[in-house]
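Presented below is the structure to which this report refers.
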Amino acid sequence: MPYKLFDVSKEIPERKKHIYVKHCSDPKEDLPHCNSKTIPGSMTERGCAFAGVKGVITGAIKDVVHVVHSPIGCTSYGYGAKRYPTTPDLPNGEKFPIPDFNLRYILGTDLQESDVVFGGVKKLKQSILEAAKEFPEANAIYTYSTCTTGLIGDDMDAVVKELSEELDKTVLAFNAPGFSGPTQSKGHHVGNYTLFENLVGTKEPPATTPYDVNLIGEYNIDGDLWLLKSYLEEMGINVLSTFTGDCCHDEICWMHRAKLSLVRCQRSATYIAELIEEKYNVPYMNVDFFSTEYASENLRAIGKFFGLEEEAEKVIADRMAKVKDELEFYKEKLQGKKVFIFSGGPKSWHLSKPLEKELGMDTVAVSSLFEHKDGYEKMKDRVKEGTLIIDDPNSLELEEIIEQYKPDLILGGIKEKYLVHKLGVPSIMIHSYENGPYIGFEGFVNLAKDMYNYVYNPVWDLIEFEENPNPQFNDSITENVKKAAEEESK
Amino acid sequence: MSDINVMEKERTVTINPLKTCQPLGAMFAVTGIRKGIPLVHGSQGCSTFVRYSLSKHFREPSEIAVTSLHEDAAVFGGRKNLIEGIINLALRFKPELIGVITTCSSEIIGDDVIGFIKTAQQQLTEQLGEEKSKKINIIPISTPSFVETHLKGYDNALNALVTHQAQPGETNEKINVVPGMVNPGDIREIKHILGMMNLEAIILTDTSDPFDSPLRPSKAEMLPYYPKGGTSVEEIADSANSTATISLCHYASSGGETLEKKYGVKSSIGPFPVGIQNTDEFLRSLKNLTGVKIPEELLDERGILIDAMADLSSRYLAGRKVAIYGDPCMTAGIARFVGELGMEPSVVCTGAKSEEFVNEMKTVSREIGSSIDVMVGQDLRALEVYLQENPVEVMMGNSDGRLIARYLDIPLVRFGFPVFDRVGYHRNPIIGYNGGLNLINLLTNTVLEKIYEPVTHWKLQQ
């Protein structure tokens, strides 16, 4: 039986098709059912399409102003939601005058009841004009529709068209109201298409080289991008544009000029790589940099594409020398530890094998919030016989997994982390990391170190109060008490 | 000179809000109920963003369900989602109370939430039988996101809870306390004060344990996990029979007013007991409402705070300008305390509009004898721009101002919600004399570390 229904989900038997136990002899099509609507009231960990576009795709861009067209909540929650640091450096050698701009400000229309009744277009226009005035440094203005504006039907496309002309500045509308699509993945999709259709091909880079790449789907979580960039630059490769970690608005406009696109997060950003390939003949390559083995393999593939094989080997050798001993130490310590990876999307297939192969761990379960079929195929491909693969696990299922599979560690999100702790199991934040970056060679050591620090923290041995910590002593007392009681009864 | 200068928002656009929408406040209130689960009738972001915010601040689980509205619901209504959501939640989690919390989308769609709840209840009775299904209380809480703020959502939830659950019976000689959106440390401090006065209380609602729960797997309720504590459904029912209700915040007084109107339970509002005078007033109103004496031990605690103020405030704090931002109730309380320390709350800023806040700031201004710039219905960007022109020595507020403080190079003493870039703030009170002690320590240590240490470190020798 490849599919499994958890006891806690017997009242919602539709869940069964979302939970698959890998059997190598199963046909290829046997996969968890995915990318469909969550069962209401099931305590999902999923988010909305607005989170997908602002929280993942556009929030990392360093020089644009974001105006959320919504009642105040979406604006408040869109503020500094993720850890994506930026430098003030711009491609023309200048500095963006407001440091940490993408983390510092969020703007919104704060819609009121009267706006809901009479429409919010006027307020949106005024807000965009004020945004331009408040932050004249910003190179573009991005606006977002939300549940309210989707339902009341404000024509945001017309507003941004009008104001782009009036302000002589790019104003974009991202039409991904929270209710659209089953998960945040819908927002990724809208983000990709909106940026491609409006920006790519509209500007030329200050300079080009024969070694220009787009690094797509790399959001610089906790500095991931900066590590990857150092490898590529040492090989002689120039990152012309990132999509979208530490990038500026203009970089997106000239993505068509790269020689190759590298797709890092293949769930949230393959769309734009495909669109660029289709329209501008820029080929794309899926890349995976989690762990030393995948990082090496993929740097070699990039080296091969550009004829920079030797340079790639140099970088690999240099980094391997740096991390080898530490990784050996962690492998010894983490050997046999059972891990459950609950990622948003691709990290479940990125990490399952490296944790086993390079750190000797045992991946007992993998799951994802918003993966699609292709992602689950990769997940299935990379896990061993008997591993659980779960689509959109809810918190009760999470509890049952802990009870049944007794993982030593869970890699998940902040919403799951503290529940997992309450059940006595350590949990690491895998979406935005604990002490990252986690990518590449040094990043893999950081991840191993965090896992070691969590699993071996003394707290897990101190959880319960022991009335009689010495069992021998304990036994002798019981014996004595028994004897005394017996004698007394005589 | 003693006056205030009210400064209202000059822009249409909001930049870095000092408020969020209603549903968060309702989810907060329902979390304080023993085996109570918030069920958000909206998109998944409406639950996920709130869970994310609460977990960031409290570092605790935050179990909130959602009806997952999508395009079909936008067109045909959310009937199916809500009924199915209630039934799934009831069957799998066996809660004692489900708070059905609306959002912008379900309010705009115009779902008949009360009708849908009735249908769900009927179906549950068919599935579980009368006895079991009766134990699951399902309360509609209307919280349109485009009206007022999260504070109104908290108030609406509280009002819905007592409206639907309070049951008149024998008088219980208890006192109801509506603490507002405060931290576990604050609720524990209120319980400590009431305990010293030998008063039994019903806290509406008691988030202290749910938002600060022990890690003890052997004692935890699992499958489903429920945090320790919370106000029981029976206690909420019994709130109709209490001697009085004290609502610590003006924004959260509707529940108390409903209990007064329907069951004659006296309602008393504020002040938010931060600092000396507000806490004194809180004790006096407890005494007046119940007739109990204020014990010596409590006055000794007051004396310890007075001792700390005498030792520290003239030497390190007096005359220093402070900017304070946050919700109107806490901000007003903190401003008064800062005044009691001889400091100057030169600017206070809130995201929510509140007449009481303006009046309270008038009082503080009179007490300190200097003018206060009062920003109401404003945002953090407005405060930032103001501070660029009118610098202060210390900022007090939540972590959302952390980058503003950093780039203005003004030390930030944290309080309120959310605080995610420092630890322990949810556990340490700001309420009561002990809360005052905590605040004066935070303020003074910040001044010592950021103002004295870098320039005149020798002054710290003794």
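The values are calculated or read from the model by the stated rules, or taken from the named source; none is laboratory data. Here the structure is a predicted model, which is why all the values come from computation and not from measurement. No Cβ is skipped: glycine too gets one built from the backbone with ideal geometry, and neighbour counts run over all protein chains shown.
Brief remarks on what is shown
- Condition met for B:ILE410 (in the same structural domain as B:LEU442 (by TED's automatic domain parsing), in a loop (DSSP other than H, G, I, E, B), at pLDDT 95 or above and not basic (Lys, Arg)): yes
- Criterion violated by B:ASN198 - all others in (1) over 16 Å from the mean Cα position of the chain (by Cα); (2) part of a helix (DSSP H, G or I); (3) not β-branched (Val, Ile, Thr); (4) not assigned by TED's automatic domain parsing to the domain that holds B:CYS104 satisfied: (2)
- Unique residue being among the aliphatic types (A, V, I, L, M) and under 30 Å from A:LEU423 (Cβ atoms) when the list is B:ILE203, B:ILE193, B:ILE269, B:ILE246: B:ILE203
- Helices (runs of 4 or more DSSP H) within segment B:1-115 that include 2 or more residues buried (at least 24 other Cβ atoms within 10 Å of the Cβ) and at the interface with another protein chain (Cβ under 8 Å from one of its Cβ atoms): B:22-31, B:44-58, B:79-93, B:104-109
- Checklist (1) within 14 Å of chain B (Cβ to nearest Cβ); (2) under 21 Å from the mean Cα position of the chain (by Cα) applied to A:THR58, failing item: (1)
- Qualifying residue in segment B:442-461 (condition: in contact with a strand residue (DSSP E or B) (Cβ under 9 Å, 6 or more places away or on another chain), assigned by TED's automatic domain parsing to the domain that holds B:ALA335, modelled with pLDDT of 95 or more and charged (D, E, K, R)): yes
- Single residue of segment B:138-155 satisfying the filter (under 12 Å from the mean Cα position of the chain (by Cα) and charged (D, E, K, R)) that is nearest to A:SER76 (Cα to Cα): B:LYS152
- Residue tally, condition touching a strand residue (DSSP E or B) at 6+ places or on another chain (Cβ under 8 Å) and in contact (Cβ under 8 Å) with a residue 60 or more places away in the chain, over segment A:159-186: 3
- Matching residues in segment A:6-55 - criterion: being assigned to a loop (DSSP other than H, G, I, E, B), in contact with a Pro (Cβ under 7 Å, 6 or more places away or on another chain) and more than 13 Å from chain B (Cβ to nearest Cβ): A:HIS23, A:ASP26, A:ASP30
- Filtering segment A:67-101 to residues that are within 11 Å of chain B (Cβ to nearest Cβ), surrounded by fewer than 24 Cβ atoms within 10 Å (Cβ to Cβ) and in contact (Cβ under 8 Å) with a residue 24 or more places away in the chain leaves A:TYR79, A:GLY80, A:ALA81, A:LYS82, A:ILE98, A:PHE101.
- Search result, residues across segment A:222-248 that are β-branched (Val, Ile, Thr), buried (at least 24 other Cβ atoms within 10 Å of the Cβ) and within 23 Å of A:ASN446 (Cβ to Cβ): A:THR242, A:THR244
- Leading residue by the ranking (surrounded by the fewest Cβ atoms within 10 Å (Cβ to Cβ)) among those in segment A:268-320 that are among the aromatic types (Phe, Trp, Tyr) and part of a helix (DSSP H, G or I): A:TYR280
- Residue count for segment B:353-407, restricted to those that are out of contact with any His (no Cβ under 9 Å at 6 or more places or on another chain), more than 14 Å from every other protein chain (Cβ to nearest Cβ) and either of a type in the set (Lys, Arg) or assigned to a loop (DSSP other than H, G, I, E, B) (or both): 9.
- Scanning segment B:287-305 for residues that are loosely packed, with under 13 Cβ neighbours inside 10 Å, over 26 Å from the mean Cα position of the chain (by Cα) and farther than 15 Å from B:GLY432 by Cβ yields a count of 3.
- Residue among A:THR143, A:THR202 that is in contact with a strand residue (DSSP E or B) (Cβ under 7 Å, 6 or more places away or on another chain) and farther than 30 Å from A:CYS34 by Cβ: A:THR143
- Selection of segment A:397-417 for residues being closer than 22 Å to A:ILE221 by Cα and surrounded by 20 or more Cβ atoms within 10 Å (Cβ to Cβ) yields A:LEU409, A:ILE410, A:LEU411, A:GLY412, A:GLY413, A:LYS415, A:GLU416, A:LYS417.
- Flag if B:GLU170 is surrounded by fewer than 14 Cβ atoms within 10 Å (Cβ to Cβ), away from every other protein chain (no Cβ under 14 Å), more than 18 Å from the chain's Cα centre (by Cα) and not basic (Lys, Arg): yes
- Of residues in segment B:225-243 being of a type outside the set (Gly, Ala, Ser) and more than 14 Å from chain A (Cβ to nearest Cβ), the one surrounded by the most Cβ atoms within 10 Å (Cβ to Cβ): B:ILE236
- Sole residue being under 16 Å from A:ALA138 (Cβ atoms) and either of a type in the set (Val, Ile, Thr) or within 22 Å of the chain's Cα centre (by Cα) (or both), chosen from A:ILE19, A:ILE106: A:ILE106
- Residue check, B:PHE146 touching a Leu at 6+ places or on another chain (Cβ under 8 Å) and closer than 30 Å to A:VAL117 by Cα: yes
- Residue in segment A:111-118 that is assigned to a loop (DSSP other than H, G, I, E, B), farther than 30 Å from A:LYS37 by Cβ and either out of contact with any Lys or Arg (no Cβ under 6 Å at 6 or more places or on another chain) or of a type outside the set (A, V, I, L, M) (or both) present: yes
- When the test is whether a residue is more than 9 Å from chain A (Cβ to nearest Cβ), in a helix (DSSP H, G or I), surrounded by fewer than 22 Cβ atoms within 10 Å (Cβ to Cβ) and without any contact (Cβ under 8 Å) to a residue 60 or more places away in the chain, B:GLU131 passes it.
- Helices (runs of 4 or more DSSP H) lying entirely in segment B:224-342 (those with 2 or more residues that are over 30 Å from B:GLY377 (Cβ atoms)): B:233-238, B:254-263, B:275-290, B:296-312
- Members of segment A:5-49 found to be surrounded by fewer than 15 Cβ atoms within 10 Å (Cβ to Cβ) and touching a residue at least 24 places away in the same chain (Cβ under 8 Å), listed by number: A:ASP7, A:GLU14, A:HIS23, A:CYS24, A:ASP26, A:LYS28, A:SER36
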